[in-house]
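Nothing in this text is a laboratory measurement; each read-out follows from the coordinates by a stated rule. It should be emphasised that the depicted structure is a prediction, and the values quoted were computed from it without experimental measurement. Quick reminder, even Gly has a Cβ in these numbers, built from the backbone with ideal geometry, and neighbours come from all protein chains shown.
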């Protein structure tokens with residue numbers, strides 16, 4: 001490599017570095033007068049901060065999207081959950097600005113305010129709006145917020161009546177925490193699983209937990225979710241009472257509990273987990289992130305969702321074996337369908353495969369899973385059993401030849417060389433041809449859309 | 001007499017060569033030691049929380065410890081030597097990963113060391129990384145290098161428990177170099193490269209620990 005090439009590369013990295021660190025957008029702050037400058041400012045911030053989840057085209061399909069719950073917003077539809085506008089209406093600029101500034105609680109959407117200046121935040125909102133044609137054609141239909149009713153025992157009692165009248169308990173439970181709910185399994189407009197918010201945990205209210213935030217949720221509805229707007233079903237006064245009631249049923253969060261309360265709370269969680277091991281298992285699997293490795297990924301690191309949990313991600317662990325992540329679906333031929341519970345648990349906690357061979361302690365972190373409590377281990381197995389079968393045959397680990405192995409070990413142990421592991425894109429397993437052609441078709445489609 | 005010495009020298013020489021190859025073959029001793037030994041090391045490296053006087057806080061920290069252990073934070077955040085993790089530097093960072101086209105991230109020192117660790121970060125800053133991958137300097141970590149997209153699924157109460165646990169780790173002075181913008185993976189067909197040795201600096205001793 002020539003000196004010039006090196007200099008060029010260094011320049012490129014410098015540029016990327018500035019972009020990644022958002023320094024460039026900050027320098028441009030203050031140029032609010034010029035619409036072209038605002039647009040390019042919004043775009044540059046969006047492309048350095050937002051694309052990981054929302055995707056370059058704003059479709060909510062960035063590389064991280066497939067593992068997030070709830071999914072990131074698809075901006076192209078112009079459909080937003082947390083607004084101060086009528087059900088079905090586009091949100092106001094203030095609504096969007098608020099979401100970007102303070103984030104959405106209990107989701108991966110953070111509060112950007114400490115990182116992005118006011119003008120830049122506005123530029124991002126303008127850029128986000130530009131993804132949907134709705135913002136050029138429609139105007140937001142604001143709802144009228146009636147005069148606030150301060151909280152009082154009478155207002156709370158009246159709110160309880162409204163809670164019953166509007167049948168909130170059908171989804172949220174009579175206690176707000178799901179007790180006696182008709183059902184708590186829902187899907188949103190995009191087909192993703194959704195559970196009703198636990199109303200006793202105000203710190204998880206995505207749109208905020210002040211009485212006014214709660215009031216807005218009843219009156220605007222949460223578009224895209226089964227939560228309707230109750231505007232017209234109750235008076236403004238009743239809505240404020242209801243908001244006061246919802247605030248009143250909030251329980252103590254763990255960070256304010258005393259010893260007895262913490263112990264009681266944790267034992268309550270444990271007994272609830274025992275009653276519903278599949279849910280507990282799902283929580284553990286989702287939070288540990290099993291699907292990060294047990295699904296094949298694209299060049300940008302995004303998951304190939306048709307093969308979620310079906311393995312096929314190749315890891316080159318030289319000088320150790322090259323391995324392909326296993327198919328965790330319940331497919332009998334290529335997945336865990338024919339494994340016994342004991343075999344799954346032995347692999348999870350001891351790193352011993354079904355054929356008796358040993359795994360090294362990474363990247364599959366079995367020494368960590370050995371610390372799982374027996375109930376949690378059972379719960380994980382119970383959840384894995386519920387994953388629908390997907391055929392994807394995983395090849396056996398490939399050992400390097402003995403000379404190559406010794407040479408690699410010599411480099412690490414004697415020459416103290418840092419030998420990196422590599423992860424490769426694409427499916428290294430053998431899936432059904434039909435599955436692969438579906439994946440190809442979808443990839444071509446999204447690549448085509450990307451070019452437009 | 002000379003002949004015997006010569007033979008002894010030859011035998012010793014052969015033994016040394018065999019021992020050297022055995023060393024190369026078996027170290028790190030992944031196949032020599034039973035699985036339970038790995039688990040024992042992992043569990044014993046974690047700090048005892050008995051010293052926390054507030055019993056409520058202790059209970060929360062214990063839950064955080066359980067979550068952090070089974071999620072294997074240590075897998076990336078405990079520095080690696082050529083023969084395995086440096087357990088006495090538990091959770092003090094030093095790993096390195098590059099995601100193609102995105103950047104290089106060094107795993108940070110999560111211990112409450114005032115100069116090099118999380119004592120410099122607010123509760124909000126730490127929880128923001130766990131929830132959204134948004135680092136204190138405003139950059140978003142790649143979701144595969146730091147799996148925040150999985151940890152965003154933690155309930156806020158579980159996330160808080162992890163935070164409390166991190167606040168009660170044993171402080172280790174281990175300076176982690178700033179992330180850099182290297183976006184090329186070592187193998188051009190790979191999307192991700194994870195390095196196997198510690199990139200941190202030890203301000204105390206000046207030398208890397210075993």
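Taking each residue of A:407-418 in turn, how many C-beta atoms of other protein chains fall within 10 Å of its C-beta, and what is the average? Provide the component values of the computation, followed by the final result.
On the way: counts 1, 1, 8, 4, 1, 7, 7, 4, 1, 4, 3, 9.
Mean partner-chain Cβ count within 10 Å for A:407-418: 4.
Report the full-extension gain for the segment residue A:183 to residue A:195: residue separation times 0.36 nm, less the Cα-Cα distance, to one decimal in nm.
Details: separation 12, 0.36 × 12 = 4.32 nm, distance 0.92 nm.
Stretched out fully, the residue A:183 to residue A:195 stretch lengthens by 3.4 nm.
Can you give the helix-only mean residue ellipticity at 222 nm for the protein assembly as shown, where every DSSP H stretch with n ≥ 4 adds -39500 (n - 2.57) and the sum goes over all residues, rounded to the nearest 500 deg cm²/dmol?
Working: 26 runs with 277 residues, N = 662.
Helices in the protein assembly as shown give a 222 nm mean residue ellipticity of -12500 deg cm²/dmol.
If one computes the Cα centroid of segment A:114-152 and of segment B:104-155, what distance in Å separates the two points?
Segment A:114-152 and segment B:104-155 have Cα centres separated by 29 Å.
Give the relative contact order (percent, whole number) for segment B:114-210; include only Cα pairs under 8 Å separated by 6+ residues.
Details: 80 pairs, mean separation 23.5, N = 97.
Computed over segment B:114-210, the figure is 24 percent.
In percent, what relative contact order does chain B have, based on Cα pairs under 8 Å that are 6 or more apart in sequence? Provide the component values of the computation, followed by the final result.
Values: 319 pairs, mean separation 50.3, N = 210.
Across chain B, relative contact order equals 24 percent.
Any chance you could list the semi-axes, whole Å, largest first, of the equivalent ellipsoid that the Cα gyration tensor gives for segment A:328-393, using √(5λ)? Write down the numbers at each step before the final one.
Values: eigenvalues 75, 45, 19 Å².
They are 19, 15, 10 Å, listed largest first.
May I ask you to compute the full-extension gain from residue A:271 to residue A:137, defined as 0.36 nm times their residue separation minus their alpha-carbon distance, rounded to one decimal in nm?
Values: separation 134, 0.36 × 134 = 48.24 nm, distance 5.24 nm.
Using 0.36 nm per residue and subtracting the Cα-Cα distance, I get 43.0 nm.
Measuring from label point to label point, each 7 Å out along Cα→Cβ, what is the residue A:433 to residue B:119 span in nm?
Placing both labels 7 Å along Cα→Cβ, they lie 6.5 nm apart.
When the Cα atoms of segment A:216-267 are enclosed in a convex hull and the volume is divided per residue, what value in Å³ results? Display every interim value, and only then the final one.
Numbers: hull volume 6.3 nm³, N = 52.
Enclosed volume per residue, from the Cα hull, is 121 Å³.
Relative to the first principal axis of the alpha-carbon coordinates of chain A, what is the inclination of helix A:93-102, with its axis defined by its Cα atoms, in degrees from 0 to 90 and to the nearest 10?
50
Take B:66, A:215 and order them by how many other Cβ atoms sit within 10 Å, fewest up front.
Working: B:66 19, A:215 23.
Fewest-to-most Cβ neighbours within 10 Å comes out as B:66, A:215.
So how many Å³ per residue does the convex hull of the Cα atoms of segment A:64-153 work out to? The partial results should precede the final answer.
Values: hull volume 13.8 nm³, N = 90.
Enclosed volume per residue, from the Cα hull, is 154 Å³.
Listing B:43, B:70, A:297 from the residue with the fewest other Cβ atoms within 10 Å to the one with the most, what is the order? Each step should come with its number before you reach the end.
On the way: B:43 13, B:70 21, A:297 24.
Ordered from fewest to most neighbouring Cβ atoms within 10 Å, B:43, B:70, A:297 come out as B:43, B:70, A:297.
Work out how much length residue A:445 to residue A:404 would gain on full extension: take 0.36 nm times their residue separation and subtract the Cα-Cα distance, in nm to one decimal.
Values: separation 41, 0.36 × 41 = 14.76 nm, distance 4.21 nm.
This chain segment gains 10.5 nm when fully extended.
Averaged over peptide A:62-71, how many Cβ atoms belonging to another chain are found within 10 Å of each residue's Cβ?
Numbers: counts 1, 6, 11, 2, 2, 8, 7, 4, 1, 0.
For peptide A:62-71, the averaged partner shielding equals 4.
Please order A:190, B:7 by the number of other Cβ within 10 Å, starting at the fewest. It would help to have the intermediate numbers written out before the result.
Details: A:190 13, B:7 10.
Exposure proxy ranking, most exposed first: B:7, A:190.
Taking only the C-alpha atoms, wrap a convex hull around segment B:81-189 and report its volume per residue in Å³ as a whole number. List each step's numbers first, then the result.
Details: hull volume 12.6 nm³, N = 109.
Spelled out: Cα convex hull of segment B:81-189, divided by residues, is 115 Å³.
Taking 37 °C and 0.692 mPa s as the conditions, I'd like the Stokes-Einstein D for segment A:153-251 in µm²/s, using the Kirkwood hydrodynamic radius from alpha carbon pairs. Walk me through the numbers before you get to the answer.
On the way: Rh = 13.4 Å.
Taking Rh from Cα pairs, D becomes 244 µm²/s.
Across the Cα atoms of the protein assembly as shown, what radius of gyration and what greatest pairwise Cα-Cα distance (Dmax) are found, in Å?
Radius of gyration, then largest Cα-Cα span, for the protein assembly as shown: 27.1, 111 Å.
How big is the C-alpha Rg of chain B next to the rule-of-thumb value 2.2 N^0.38 Å, as a ratio?
On the way: Rg = 21.2 Å, N = 210, 2.2 N^0.38 = 16.8 Å.
The value comes to 1.26.
On a 0 to 90° scale, report how tilted helix A:341-350 is relative to the longest principal axis of chain A, with both axes built from alpha carbons and the result rounded to the nearest 10.
It is inclined by approximately 80 degrees.
Classify segment A:291-451 as rounded, prolate or oblate from the Cα gyration tensor: take a ≥ b ≥ c as the square roots of its eigenvalues, call it rounded if a/c is under 1.5, otherwise prolate when a/b beats b/c and oblate if not. Could the numbers behind the result be given before it?
Working: a/c = 1.99, a/b = 1.13, b/c = 1.76.
Since a/c reaches 1.5 but b/c is at least a/b, the shape of segment A:291-451 is classed as oblate.
Before anything else, pin down the relative contact order of chain A: Cα pairs under 8 Å, at least 6 apart, normalised by residue count, whole percent. Can you show the working numbers first?
Details: 711 pairs, mean separation 54.7, N = 452.
With pairs under 8 Å counted, the relative contact order is 12 percent.
Per residue of A:281-288, what is the mean number of Cβ atoms on other protein chains within 10 angstrom of that residue's Cβ? Please list the in-between numbers first.
Details: counts 0, 1, 4, 4, 2, 6, 12, 8.
What the average comes to for A:281-288 is 5.
Can you bin segment A:225-350 into rounded, prolate or oblate? Criterion: square roots of the alpha carbon gyration tensor eigenvalues sorted a ≥ b ≥ c, rounded for a/c under 1.5, prolate for a/b above b/c, oblate for the rest.
Values: a/c = 2.77, a/b = 1.86, b/c = 1.49.
Cα axes put segment A:225-350 in the prolate bin.
Using only Cα atoms and rounding to the nearest 10 degrees, what angle (0 to 90) does helix A:118-129 make with the longest principal axis of chain A?
The helix A:118-129 is inclined about 80 degrees to chain A.
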